[in-house]
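Have a look at the structure below before the remarks.
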Amino acid sequence: MTYVNDVFLRAARGEATPYTPVWFMRQAGRYQPEYRKIRERYTLPEIVRHPEVTAEVTRLPVRQFGFDAAILFADITTPLYGMGFDLDIVEGRGPVIHNPIDTAEDVRRIHLFSAEAHTPFVLEAIRILKRELEVPLIGFAGAPFTLASYLIEGGPSKNFVKVKGFMYAEEEAWNLLMRTLTNAMVEYLSAQAAAGADALQVFDSWVGRLTRHDYERYVAPHMRRLFEALKPLGVPVVHFGTQTMHLLSPMAEAGGDVIGVDTTTPLDWARDRLGTRPVQGNLDPTLLFAPEPVLARGVEAVLSANAGRPGHIFNLGHGILPGTPPDAVRRAVELVHTLSEVRA
Ligand code: CP3
């Protein structure tokens, strides 16, 4: 398939590109006045259930800022409703689950997920976007550990005491939960790719709070199975987490064509350890609040850390923060394009 702009996909395959492609996690959201206007009429789950609105929200930042990829507008919680969970997204806080998992019995009650039956609106949004987008579309899902953390904690957590407690005390039920979530996310991501998503990202946002030993024991086997099951789809898959410097090797071994590098992991350090494996990252999202010369220095530092190696997708180390000035986003995209072109 040919695109007007396929630099993102070429970088994801590790190929040389005329400039460094850039997109930002959470590039669609509340920092945009246009998004806030749409949010006056629809809640987040309502946007996601209206494919035309989803498509519009997905396209907005690409049009406005010149990103080299679009990410489907949805949330990692979107497939959880169909699995029998009752939840709300609380502004400024995050997802809150009203019927969290407490016992092994609760794990056995999770409904089998079907993308066609439970999230047809997501697949329809992808089909609409594929007719109109001039850049590749990234589909996504939460990773089993990160989803399990919301499902067991009942909401966002600071110390992850409940989810780790369950994992340590109920290892059999934990493995069943991880297998159930893995199967559901394979189904969800496969359906997104079949509907036309050009790439996929797996968000394991909170897995960095585990020790390396616990990651290897309780998470890695499931992640290996997840990535193995996504291989036949033939689209590049990004594997992302935060505060994961100590997990770089086991996460990379578990899978993913592109490894997400968070803000706290030096990009050159990651690249030196990953060989030719493509990477994505890792500008500190707070630099978008800095004076322009400081932002420019930050962008330059990330590009310098990559040192012209092919297979770099520029991104933030984590999502855009609320209150980010849209002009800084526009400037950052421009800087990535112009500075990387000079370098190439
Ligand atoms: O532009 C994009 O990146 C696509 C959309 C997207 C959203 N959530 C929309 C959203 C993506 C990729 C996500 C993923 C997501 N959701 C993750 C993984 C990425 C990460 O940041 O680590 C996680 C952990 C969640 C769970 C979640 N959903 C949180 C923590 C929040 C923020 C709560 C808040 O109010 O600050 C949400 C809500 C959410 N998801 C918003 C958006 C635009 C903001 C709420 C709104 O508009 O009402």
Inset, instruction - Quantify, in whole percent, the carbon and sulfur part of the accessible surface of segment 7-154 (1.4 Å probe; protein heavy atoms only). - result: 48 percent
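Do you know the relative contact order of segment 249-344, to the nearest whole percent, from alpha carbon pairs under 8 angstrom that are 6+ apart?
Working: 121 pairs, mean separation 29.8, N = 96.
Once normalised by length, the contact order is 31 percent.
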Inset, instruction - Specify the residue with the greatest mean-square fluctuation among ARG273, ARG209, ARG93, computed from a Gaussian network of the chain linking alpha-carbon atoms under 10 Å apart. - result: ARG93
Inset, instruction - Enumerate the residues in segment 78-93 having an amide nitrogen under 19 Å from the point lying 7 Å beyond the Cα of HIS111 toward its Cβ. - result: 78-89
Inset, instruction - Please identify which residues in segment 55-91 have an amide N closer than 20 Å to a label point set 7 Å out from the Cα of VAL4, following the Cα→Cβ vector. - result: 55-73
Legend entry - segment 257-300 - Rg (one decimal) and Dmax (whole number), Cα, Å: 11.9, 35
Legend entry - Spin-label model distance (nm) - ARG13 vs ASN175, 7 Å beyond Cα toward Cβ: 3.9 nm
Legend entry - Cross-link reach list, lysines versus LYS37, counting only Cα pairs under 25 Å and skipping chain neighbours closer than eight places: LYS130
Legend entry - Partner aspartates and glutamates for LYS158 [C-alpha distance under 16 Å; skip if fewer than 8 residues away on the same chain]: ASP204
Inset, instruction - Just report the Cα centroid separation between segment 232-283 and segment 132-178, whole Å. - result: 19 Å
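Can you give the convex hull volume of the alpha carbon atoms of segment 1-97 per residue, in Å³?
Per-residue hull volume (Cα only) is 143 Å³.
On a full-extension model of 0.36 nm per residue, what is the gain between ARG277 and VAL294, subtracting their alpha-carbon distance, rounded to one decimal in nm? Let's see the in-between values first.
Numbers: separation 17, 0.36 × 17 = 6.12 nm, distance 2.93 nm.
Here the segment from ARG277 to VAL294 would lengthen by 3.2 nm.
What do the square roots of 5 times the Cα gyration tensor eigenvalues come to for the chain, in whole Å, largest first, as semi-axes of the equivalent ellipsoid? Spell out each step's value before the answer.
Numbers: eigenvalues 181, 108, 74 Å².
Those come to 30, 23, 19 Å.
Which order do peptides 225-231, 53-59 fall in by mean Cβ count within 10 Å, highest first?
On the way: 225-231: 17.9, 53-59: 22.0.
The densest-packed peptide leads the list: 53-59, 225-231.
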Inset, instruction - For the chain, set up a Gaussian network in which alpha carbons nearer than 10 Å are linked by springs, and say which option among PRO136, PRO293, PRO325 fluctuates the most. - result: PRO293
Inset, instruction - Rank by packing, highest mean first: peptides 215-222, 73-80, with packing defined as the count of other Cβ atoms within 10 Å averaged across residues. - result: 73-80, 215-222
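Need the full-extension length gain, ARG41 to GLU216, defined as separation in residues times 0.36 nm minus the C-alpha distance. One decimal, nm. It would help to have the intermediate numbers written out before the result.
Numbers: separation 175, 0.36 × 175 = 63.00 nm, distance 4.45 nm.
Result for the pair: 58.6 nm of gain on full extension.
By the gyration tensor of its Cα atoms, with a ≥ b ≥ c the square roots of the eigenvalues, what is the shape of segment 35-144: rounded for a/c under 1.5, prolate for a/b over b/c, or oblate? It would help to have the intermediate numbers written out before the result.
Values: a/c = 2.33, a/b = 1.75, b/c = 1.34.
Taking the square roots of the gyration eigenvalues as a ≥ b ≥ c, segment 35-144 is prolate.
One-quarter of the Cα convex hull surface for segment 168-238, in nm²?
4.9 nm²
The values are calculated or read from the model by the stated rules, or taken from the named source; none is laboratory data. Just so it is clear, the structure is predicted and the values come from calculations on it, not from any experiment. Because the Cβ atoms are built from the backbone with ideal geometry, glycine has one as well, and the counts that use them run over all protein chains shown. When the accessible area is computed, the model is the full protein with side chains, heavy atoms only, and any ligands, DNA or RNA have been set aside. Shrake-Rupley method; radii C 1.70, N 1.55, O 1.52, S 1.80 Å.
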